[in-house]
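Let me begin by presenting the structure, written as structure tokens, before commenting on it.
The values are calculated or read from the model by the stated rules, or taken from the named source; none is laboratory data. Nothing here was measured: the structure is a model prediction, and the numbers come from that model. Every residue, glycine among them, receives a Cβ derived from its backbone with ideal geometry; neighbour counts consider all protein chains shown.
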Amino acid sequence: MSLVQVLFYIMGFIAVASAIFVAATKSLVRSIFMFFITLFALAGLYVLALADFVAITQVVIYVGGILVLILFAFMLSGKETLNYISQQRKQFMNISKLPALLLAGLFLVVLLNMIFKVDAGNLAWIKRSIENKNVITPNAAMTENIGVNLMTSYLLPFEAISILLLVALVGAAHLSRKEPQS
């Protein structure tokens, strides 16, 4: 077993274990911080898959942006809301969660079926890809190409998204502002 495989199993275990903890814990604060661990473990898996741009994007957008937004929403929540949420989570199993459990079970069956029945090495499109030498090798030009395309061909959509996110941030700040007492 190589070092990369060992690191993959360690990162995979951390990601799955922390995600289960996020879903199962009753404390919202612990759930948020374990979500932080989950996102970093996923970034580590992306690094192991030689997807460096996706790993950096994972850390910058999800850890740096989404997690801060979740913490912001948690801190602005009133104590009554948090108490109500914590009381709602006391029942782990009830009839209202049955459709979600059935759907999750169905997805698990499909996933296990794919893992045990599909031989990825013998798929026709993978064999053709290997024969045609159409294999992506890791090099520095991959991230460089993304950066050049983002700042040339896709500059207008990139700027439009940044303006949209700025408007959403200003709107969120306005909505979270406390009204003065008169």
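Kindly indicate the residue of the stretch 83-101 that is among the hydrophobic types (A, V, I, L, M, F, W, C) and surrounded by 10 or more Cβ atoms within 10 Å (Cβ to Cβ) and also modelled with the lowest pLDDT among those meeting that condition. I'd like the intermediate steps shown before the answer.
We begin by selecting, within the stretch 83-101, every residue among the hydrophobic types (A, V, I, L, M, F, W, C); these are 85, 92-93, 95, 98, 100-101.
Pick out the ones that are also surrounded by 10 or more Cβ atoms within 10 Å (Cβ to Cβ) and you get 85, 98, 101.
On the way: I85: 65, L98: 84, L101: 86.
Once the filter is applied, the top-ranked residue is I85.
What are the residues in the stretch 3-59 that are closer than 28 Å to I146 by Cβ and hydroxyl-bearing (S, T, Y), if any?
Selection gives T38, Y46, T57.
If you check K79, K133, which single one turns out to be basic (K, R), out of contact with any Asp or Glu (no Cβ under 6 Å at 6 or more places or on another chain), at pLDDT below 80 and farther than 30 Å from A23 by Cβ?
Working: K79 fails: farther than 30 Å from A23 by Cβ.
After ruling out the rest, the residue left standing is K133.
Suppose we filter the stretch 1-60 for residues that are part of a loop (DSSP other than H, G, I, E, B) and surrounded by fewer than 16 Cβ atoms within 10 Å (Cβ to Cβ); how many remain?
Restricting attention to the stretch 1-60, the residues satisfying the condition of being part of a loop (DSSP other than H, G, I, E, B) are 1-2, 25-27, 49-51.
Right, trim to surrounded by fewer than 16 Cβ atoms within 10 Å (Cβ to Cβ) and you get 1-2, 25-27, 49-50.
The number of residues fulfilling the criteria is 7.
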